[in-house]
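Encoded as structure tokens, the structure appears first; notes follow it.
The values are calculated or read from the model by the stated rules, or taken from the named source; none is laboratory data. From a predicted model like this one, the values you see are computed outputs, not experimental measurements. A quick note on method: Cβ atoms are made from the backbone with ideal geometry, for glycine too, and the neighbour counts reach across all protein chains shown. Ligands, DNA and RNA are excluded from the accessible area calculation, which covers all protein heavy atoms including side chains. Shrake-Rupley method; radii C 1.70, N 1.55, O 1.52, S 1.80 Å.
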Amino acid sequence: KQWYQRRVRARHGHRAVAIENKIIVMGGGNEGIIDELHVYNTKANEWSEPHVSGQVPENGVAAFGMLAHGANIYIHGGMQEYCEYSNEMFMLNTTNWEWTHINIENKALVSPRLGHSFTLVGTTVFVFGGLACEVDDQNQFIPRYLNDLYSIDLVPSEAEGPLVWSPEDPAGDGPPMRESHTCVCTKDATLTSGALYIFGGMSHKAERLGDLWRLDLAKRIWIPVVGIGPSPMPRSLHTANVIGNKMYIFGGWVSINHKTKNKTVFLPEKEFKCTNSTACFNMDTITWEPVYTEGYEDALPRSRAGHASAAVNSRLFIISGRDGYHRAYNNQTCFKDMWFLETDKPPLPNRVQLIRASTSTLEICWIPVVTADAYLLQIQKLDNSESTNDWFDVAVVKGNSLVVSHHHSRPSSEDIEENKPIERLELAPGTTYRFRIAAINACGRGEFSEAAAFKTCVPGFPGAPSSIRISKGNDGAHLAWDPPANANGNISEYSVYLAIKNSQSTDSPSSLAFVLVYRGDSPSCTVKTTSLQNAHVDQTNKPAIIFRIAAKNEKGYGPATQVRWLQDTKSSSNKRPADKMS
């Protein structure tokens with residue numbers, strides 16, 4: 001596993017959630033409560049600060065609960081300026097960045113608190129534990145540690161109705177009182193299946209906890225969990241996130257321990273420090289799995305607590321945090337960095353697609369894999385005169401397209417021999433080649449895609465049309481294109497084909513059924529709405545309708561250009577044009 005670094009604002013006690021490929025970071029403190037909201041686009045590697053409106057929470061908040069449900073973000077509780085504790089709930093609609101204060105009929109049932117967990121299961125939120133104040137007086141603070149459990153259904157809030165807290169009383173002896181713990185749910189958990197897992201926190205005795213508890217959602221019973229393998233150090237102010245079937249725990253405050261010959265002795269709780277250790281719990285096998293991270297000390301996040309975290313695909317992001325309290329200097333340092341941990345190899349890519357062909361080159365592209373840093377492209381020559389199934393390396397590519405003119409002569413399955421030269425083999429005219437790609441990141445190379453076959457042009461035949469443009473009209477889809485760059489004579493005719501619905505077809509380009517929708521000498525046409533109603537909608541990435549366009553000269557038709565016309569899934573029967581084609 002490998003860590004990567006980005007730069008953000010210094011803070012601690014903030015929260016972060018992920019919606020698709022964006023991470024929303026809010027609140028926290030650093031010499032005062034921060035009331036800002038920032039958005040990080042993990043695809044574009046860009047930060048933004050959207051303008052928010054509506055019933056905006058006043059003065060910011062720290063150590064609160066935060067989660068995402070669809071396009072909405074919910075926050076609850078936390079500490080505001082002047083050490084005021086809150087039990088209010090707000091909703092932020094991220095489609096228009098408008099805040100709404102949530103009306104809860106029995107709001108007082110859940111006391112104002114901070115450091116609690118706020119966990120979503122379906123449309124229901126579970127609140128557990130946290131730290132409350134025994135008296136309602138800003139001039140004195142008497143801490144009250146909690147282990148109460150409540151639930152609330154979010155659906156009424158999105159229908160502009162009031163919400164109601166429900167007390168939960170599972171069977172069994174539950175977790176003792178704590179704050180600054182973590183709580184996650186198993187993948188695809190519902191109110192009648194799966195589980196919640198609570199780990200760590202700080203007890204009413206100011207001790208860091210290392211216990212793990214499971215709330216069985218079907219039986220509604222608390223179960224203490226003793227996992228297989230070495231468990232992580234007791235800690236608080238850490239983070240926990242679920243990726244697949246695993247819970248990843250990072251950082252936090254831990255006790256300083258002293259190792260003797262026979263055992264480890266934990267010193268009194270007044271001796272503690274921050275950690276940058278990562279733990280992984282497999283919720284299927286109930287096993288603590290070792291996490292091996294690569295890199296020098298400067299290539300790893302510094303020890304911290306009070307940071308925020310979010311999981312996007314197979315990457316775990318951690319944001320800012322503090323390095324602990326320095327008694328000698330009476331201060332602490334907040335970080336202004338963001339890191340992500342690559343936890344797995346990239347997934348299987350989609351098939352390679354052809355952009356255009358010539359007699360000696362094939363320009364190809366593929367849909368990017370979010371967690372890929374690069375791609376290994378391989379080629380296989382299909383020739384009836386040769387009985388070989390060898391794959392050859394073409395290149396390691398950073399982007400998602402390449403003009404292929406040659407490949408290396410050594411089959412990828414062979415070991416490199418010291419004195420054996422590797423030659424460059426050019427693509428031959430009129431020859432069919434198969435391509436496959438595998439995505440690569442710091443965890444290694446993923447699986448190869450299914451193979452896709454394309455043929456170089458035969459000399460004298462035209463190349464493929466280029467610069468395809470598609471727009472939506474009242475009568476259908478308007479297509480226009482440029483003639484082939486290598487026409488090899490006069491272009492007398494064009495043909496346009498549409499992928500149609502077929503009970504036996506898949507999203508694989510080689511298995512689609514195509515029907516002729518235009519033939520003529522003009523480099524433009526209109527595909528009627530009646531034809532589009534029978535179109536196959538490709539779902540390999542974003543929904544799209546597929547066209548193929550080919551040109552003809554005196555010798556005949558050359559290869560076709562395939563293009564995907566992106567569709568707006570929010571519209572009903574009217575297909576809308578997209579701003580991207582491949």
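Across region 449-466, coupling constants 3J(HN,Hα) worked out from phi with the 6.51/-1.76/1.60 Karplus curve, θ = phi - 60°, read 6, 5, 7, 10, 10, 9, 10, 6, 6, 7, x, x, 7, x, x, 8, x, 10 Hz, and Gly and Pro carry x.
Each residue of region 19-35 was assigned a 3J(HN,Hα) from its phi angle through the Karplus expression (A = 6.51, B = -1.76, C = 1.60, θ = phi - 60°), giving 10, 6, 9, 10, 10, 9, 10, 9, x, x, x, 6, 6, x, 6, 9, 10 Hz with x at Gly and Pro. On the basis of the beta-carbon distance and an R0 of 35 Å, PHE141 and ARG445 show a calculated FRET efficiency of 0.05. Residues TYR518, TYR494, sorted by accessible area with the largest first, give TYR518, TYR494 [1.4 Å probe; ligands and nucleic acids excluded].
Per-residue SASA remark: CYS83, around 100 Å² accessible (1.4 Å probe; ligands, DNA and RNA not included).
Pairs of Cα atoms nearer than 8 Å and 6+ residues apart set the relative contact order; for the chain it is 9 percent.
This model, with +1 at the C-beta of Lys and Arg and -1 at the C-beta of Asp and Glu, gives region 431-486 a dipole about its Cα centre of some 140 debye. Of the GluC sites (Glu not before Pro) found in region 12-72, those that fall in a DSSP loop while having at most 16 other beta-carbon atoms within 10 Å are GLU20, GLU31, GLU36, GLU58.
Please give the charge dipole size of the chain, origin at the Cα centre, charges +1 on K and R Cβ atoms and -1 on D and E Cβ atoms. Round to the nearest 20 debye. Don't skip to the end; give the middle numbers.
Values: 57 positive and 61 negative charges, 187 e Å.
The calculated dipole for the chain is roughly 900 debye.
Compared with the alpha-carbon gap, the fully stretched path from TYR292 to ALA395 is longer by 34.2 nm at 0.36 nm per residue.
Each part gets one Cα centre, and for region 422-487 versus region 152-199 those centres are 50 Å apart.
The label point for ASP284 and the one for ASN490, both projected 7 Å from the Cα toward the Cβ, are 6.5 nm apart. What a 1.4 Å probe finds exposed on the chain is 48% carbon and sulfur by accessible area, rounded to a whole percent.
May I ask you to derive the FRET efficiency for GLN533 and ASN93 from their Cβ-Cβ distance with R0 = 45 Å, giving the value to the nearest 0.05?
Details: r = 34 Å, r/R0 = 0.75.
Efficiency computed from Cβ-Cβ geometry: 0.85.
Computed extension length for ALA453-TYR82: 126.9 nm, one decimal, from 0.36 nm per residue of separation with the Cα-Cα distance subtracted. In order along region 279-284, the Karplus-derived 3J(HN,Hα) couplings, from 6.51 cos²θ - 1.76 cosθ + 1.60 at θ = phi - 60°, round to 10, 9, 10, 7, 6, 7 Hz, and Gly and Pro are given as x. Sparsely packed loop sites in region 148-253 (the GluC sites (Glu not before Pro) outside DSSP H, G, I, E and B with at most 10 other Cβ atoms within 10 Å) comprise GLU160. Placing dummy labels 7 Å off each Cα toward the beta-carbon, the span from LEU516 to SER111 is 8.0 nm. Label zone of ASP383 (point 7 Å out along Cα→Cβ, amide N under 12 Å): in region 440-458 this covers no residue at all. Each of ASP173 and ASN45 was given a label point 7 Å from its Cα along the Cα-to-Cβ line. The distance between the two points is 5.2 nm. Scanning residues 5 or more positions from ASN106 or on other chains, those with amide H under 5 Å from its amide H are TRP165, with H placed 1.01 Å from N in the peptide plane. Taking only the Cα atoms of region 360-496, the ratio Rg/Rh comes out at 1.04, with Rh defined as the Kirkwood radius.
Can you give the helix-only mean residue ellipticity at 222 nm for the chain, where every DSSP H stretch with n ≥ 4 adds -39500 (n - 2.57) and the sum goes over all residues, rounded to the nearest 500 deg cm²/dmol?
0 deg cm²/dmol, from helical runs alone.
Quick one: work out Rg over Rh on the C-alpha atoms of the chain, Rh as Kirkwood radius. So for the chain, dividing Rg by the Kirkwood Rh gives 1.06.
When 1/r is averaged over all different Cα pairs and the result inverted, which Kirkwood radius in Å belongs to region 432-528? Here the Kirkwood hydrodynamic radius works out to 16.5 Å.
Length gained on full extension, ASN21 to HIS478, computed as 0.36 nm times the residue gap minus the Cα-Cα distance: 161.3 nm. With Cα atoms as the point set, region 47-93 shows a radius of gyration and Dmax of 11.3, 33 Å.
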